[in-house]
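The values are calculated or read from the model by the stated rules, or taken from the named source; none is laboratory data. What you see is a predicted model; the values in this text were computed from it and never measured. In this analysis, Cβ positions are derived from the backbone assuming ideal geometry, glycine residues included, and neighbour counts consider all displayed protein chains. These accessible areas exclude ligands, DNA and RNA; they are computed on the full protein's heavy atoms, side chains included. Shrake-Rupley method; radii C 1.70, N 1.55, O 1.52, S 1.80 Å.
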Amino acid sequence: MVAGALMSYGASTADFYRQAGIYVGRILKGAKPDDLPVVQPTKFELTINLKTAKAIGLTVPPLLLARADEVIE
């Protein structure tokens, strides 16, 4: 995201790794991978790159900035 993208909205990477750790723990305790449920992401993050917005002459509304999880300046 820092390399020039304007915005990103997607599943939380930290939440993904936490969920993967839970799966690994269950498998190490003897659970069969076939028996584990498929888990969909529940936490999403919005990142806005103001540096890129400025470079292309775009003004990001303050309300959108307030809702962002991360703002790169």
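The figures follow:
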read-out: Filter result for the condition that a residue is more than 20 Å from the chain's Cα centre (by Cα) and under 20 Å from M7 (Cα atoms), over P41, P37, P61; value: P61
read-out: Residues of the stretch 14-44 satisfying the condition of being closer than 30 Å to E73 by Cβ and open to solvent by 80 Å² or more (accessible area, probe 1.4 Å); value: F16, Y17, R18, T42, K43, F44
read-out: Some residue of the stretch 45-52 being touching a residue at least 24 places away in the same chain (Cβ under 8 Å), of a type in the set (D, E, K, R) and surrounded by 13 or more Cβ atoms within 10 Å (Cβ to Cβ); value: yes
read-out: Which numbered condition G4 fails, given (1) in contact with a strand residue (DSSP E or B) (Cβ under 8 Å, 6 or more places away or on another chain); (2) free of Cβ contacts under 8 Å to residues at least 12 places away in the same chain; value: (2)
read-out: Helices (runs of 4 or more DSSP H) (entirely within the chain) containing at least 1 residues that are modelled with pLDDT under 95; value: 13-28, 50-55
